[in-house]
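Structure first, then comments.
Just so it is clear, none of the values below were taken in a lab; they were calculated from the coordinates. Bear in mind the structure is a predicted one, so any value in this text is a computation, not a measurement. Virtual Cβ from ideal backbone geometry, glycine too; neighbours counted across all protein chains shown.
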Amino acid sequence: MSGSDGQQHPIKIYLWIWLLLFVLSTLSYGVDYMAFQGMLRWTLILVFMVLKAGFIIAIFMHMTWERWSLSLAILTPPLVLLVFITLMSIEANYTFGTRLTFFAT
Amino acid sequence: MSDTAVANPTELRDGVSGFTQDWAADKQAFHAPWGKAMMWIFLLSDTFIFTCFLTSYMKVRMTTTVPWPNPSEVFALTVNGNHVPLLLIAIMTFILISSSGTMAMAVNFGYRKNRKAVVCLMVATALFGVSFVGMQAFEWTKLIVEEGVRPWGNPMGAAQFGASFFMITGFHGLHVSGGVIYLSIIAFKVWRGDYDRSGNYEAVEIAGLYWHFVDLVWVFIFAFFYLW
């Protein structure tokens, strides 16, 4: 369903997503509580983060039911941010390297 | 609304005139209310702002040669003598998730034209928002007064910790505060019956988009600043 007549969906779907977000938040807090470290920690953090963000956008913000012209106009521009983040992390590695070389005691 | 502004739609002109015809013609790209489309575009711009903050945080954290303070320890609370890591932040996360849930229900009841339920749920959402900001104020006070964190340094490690923390959570807190005011205004208009008269509860959904976005940003801050 889409269009200007508004978004009407069964309440059940909101309650399920709400519960799911609670579970995912508990799990991501669990990552810290259990003190996982290294790759396992970072992977779990990212997985739970992406799932939570995805459900909020898709269901609570109704993106699933919007027309493609709107979803694509909103969801594709942030992809350039991934390029930006990649560039900045490459640069950060370089800066860290030079700092180690020149500032090391 | 007609598909095109020219008198004869089939007549396609060339050159600059054709360019203006194609781009400035009265065509509708988004089959959604203009308020909703504009709110989405605003949220897109806000996404870029928060990404810039989080990216600069990533950069200072990656480049510093001094160890980064452990957020799990910095934000730990002691309850009944038990040391619980990140407790306050976890509570704040659950509060914001709850407020997102009540807001989604408010939007739903709006389209069912259930005025009372919308007002109650929106007031509940705003109250969750207020308690979130209150906890944030407590957290800031604890960090500034007890832990001695300043934007230019702190006793626990890398000096950039304070600047990143105050900038990112401060900007998010302002968004929550602004959202509480925004929700209160819309809730008041719902209560007054404005949308029953116009027969259109779209304004509630648009306010809901903003509120869910604030929750969405917190998901990323929680992951990258507090958990990483």
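Please list 3J(HN,Hα) in residue order for segment B:116-130, calculated via the Karplus relation 6.51 cos²θ - 1.76 cosθ + 1.60 where θ = phi - 60°; whole Hz, with x for glycine and proline.
In residue order, the calculated couplings are 4, 4, 4, 4, 4, 5, 6, 5, 4, 4, 5, 5, 4, x, 4 Hz.
With θ taken as phi - 60° and the coefficients 6.51, -1.76 and 1.60, list the Karplus ³J(HN,Hα) couplings across segment B:39-56 in order, rounded to whole Hz; mark glycine and proline as x.
Once rounded to whole Hz, the list reads 5, 4, 5, 4, 5, 4, 5, 5, 4, 5, 5, 5, 5, 4, 4, 5, 5, 5.
Using modelled backbone amide H atoms (1.01 Å from N, in-plane), which distant-in-sequence or interchain residues come within less than 5 Å of B:Val149's amide H?
B:Ile144
Quick one, what does Rg over Rh come out to for segment B:13-55 if you take C-alpha atoms and the Kirkwood Rh?
Radius of gyration relative to Kirkwood radius: 1.24.
Give me the angle, in degrees from 0 to 90, between the Cα long axis of helix A:38-55 and the longest principal axis of the Cα atoms of chain A, rounded to the nearest 10.
Taking Cα atoms only, the helix is inclined about 30 degrees.
Whole-Hz Karplus ³J(HN,Hα) for segment A:61-67, in order, using 6.51 cos²θ - 1.76 cosθ + 1.60 and θ = phi - 60°, x for Gly and Pro?
Here the 3J(HN,Hα) series is 8, 6, 5, 4, 9, 7, 6 Hz.
Once the Cα gyration tensor of the protein assembly as shown is diagonalised, what are the square roots of 5 times its eigenvalues, in whole Å and ordered largest first, as equivalent ellipsoid semi-axes?
So the three semi-axes of the protein assembly as shown are 40, 28, 17 Å.
Once the cut-off is 28 Å, how many percent of the Cα-Cα pairs in chain B end up in the long-distance tail?
Numbers: 12130 of 25878 pairs.
Looking at chain B, the distances longer than 28 Å represent 47 percent of pairs.
Which angle between 0 and 90 degrees, to the nearest 10, do you get for helix A:11-33 versus the longest principal axis of chain A when only C-alpha atoms count?
Once rounded, one gets 20 degrees.
Taking springs between alpha-carbon atoms closer than 10 angstrom, which of A:Leu15, A:Leu46, A:Leu81 fluctuates most in the Gaussian network model of chain A?
Greatest mean-square fluctuation among the candidates belongs to A:Leu81.
Taking a temperature of 37 °C and a viscosity of 0.692 mPa s, what whole-number D in µm²/s does Stokes-Einstein yield for chain A with Rh from Kirkwood over alpha carbon pairs?
The Stokes-Einstein estimate is 189 µm²/s.
Based on DSSP loop calls and a cut-off of at most 16 other Cβ atoms within 10 Å, the longest stretch of chain B free of exposed trypsin sites (Lys or Arg not before Pro) is what?
That gives B:114-228 as the longest site-free run.
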